[in-house]
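Have a look at the structure below, then the notes.
Just so you know, all these numbers are worked out from the coordinates, no wet-lab data involved. These numbers come from a predicted model, not from an experiment. Reconstructed Cβ throughout: ideal geometry from the backbone, glycine too, with neighbour counts over all protein chains shown.
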């Protein structure tokens, strides 16, 4: 059944910061991810969250990778968790992760995490936590696609940030056709099925909750490089932590993310642009 989507064209704004504010007022963000060989992704997400206004950011990551990840994100704290033999988060991390999640306002799951049964056992209970928003990206999405009918246990507010390949895996796992020629219809149908916010990345990134749809107009081809998705994950998580709804945080997040890429491309060109350039330009993007 075709559903007419309400177009969204207004970019949400953050409220002014009170003069007597402290770091706890602007959100406690937990990044869950990383693995041996994929240490940069959670650090990028954490640094982006801090540059996007989060008051506190912690990275929960596999013990063998923790020291390296911590060195890449010096303004965040980190927490080593049990790991598998190949350096990914282990199912044995469940109890520790449950405790640290309770201390945070929003969770970002997936950057650099890899795939496996242990990771699915960590993600499964997170989506069932009522009142704990979660942004799922990268291998978090691939693990999610392997959890049968995950949306039937969903209580958390969920934001999904797939690129087209990840979107195809998600819709196939849900028994939907993976024809992405009509990107808004496919993303909206999946968002309605799962009651999630879907951010379908690409040229003209789409944000939809199944009723509304925002088509982003910022960004450039220089952003087609590894790590930019991790930056977006951190931005959206930080905005949720500062009080925006998941949909509004996704809309503002993709707009600011693309704008930072545009500012960076004007400075250094599209060919040389890398993910850290986006983080460097987030202050300018938030000022616009």
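Its relative contact order, with pairs defined as Cα atoms under 8 Å and 6+ residues apart, puts region 1-110 at 29 percent.
Short version: what are the Cα gyration tensor semi-axes of region 140-288, square root of 5 times each eigenvalue, largest first, in whole Å? Walk me through the numbers before you get to the answer.
On the way: eigenvalues 144, 53, 34 Å².
The answer is 27, 16, 13 Å, longest axis first.
Would you mind giving the average projected area, over all directions, of the Cα convex hull of region 96-203 in nm² with one decimal? Averaged projected hull area, Cα only: 6.6 nm².
Relative protection proxy for 79-86, 36-43, from highest mean packing down: 36-43, 79-86 (other beta-carbon atoms within 10 angstrom).
Taking the convex hull of the alpha carbon positions in region 59-128 and averaging its projected area over all directions gives 4.6 nm². Need one number: % antiparallel among DSSP beta bridges in the chain, to the nearest 5. In the chain, approximately 20 percent of DSSP beta bridges are antiparallel ones. Over all Cα atoms in region 1-160, the spread is summed up by Rg and Dmax: 16.4, 51 Å.
For region 132-229, DSSP calls about 55 percent of its internal beta bridges antiparallel.
Dimensions of region 248-288 along the principal axes, based on C-alpha atoms and rounded to the nearest Å, stand at 31, 16, 13, largest first.
Ranked highest first by average number of other Cβ atoms within 10 Å, how do 89-102, 250-263 line up?
Highest to lowest by the protection proxy: 250-263, 89-102.
From the alpha carbon centroid of region 80-122 to that of region 268-288 is 30 Å.
In the calculated pair-distance distribution of region 1-41, the portion above 15 angstrom amounts to 73 percent of the Cα-Cα pairs.
Using C-alpha pairs under 8 Å with a sequence gap of at least 6, the mean separation divided by the residue count of region 71-122 gives a relative contact order of 36 percent.
Between 201, 155, 23, the Gaussian network model of the chain with springs among Cα atoms under 10 angstrom shows the greatest mean-square fluctuation at 23. What is the distance in Å between the Cα centroid of region 149-169 and that of region 1-65? Measuring centre to centre over Cα atoms gives 18 Å. Sequence-distant contacts, meaning Cα pairs under 8 Å at least 6 residues apart, place the relative contact order of the chain at 20 percent. From largest to smallest, the equivalent ellipsoid semi-axes obtained for the chain from the alpha-carbon gyration tensor read 25, 24, 18 Å.
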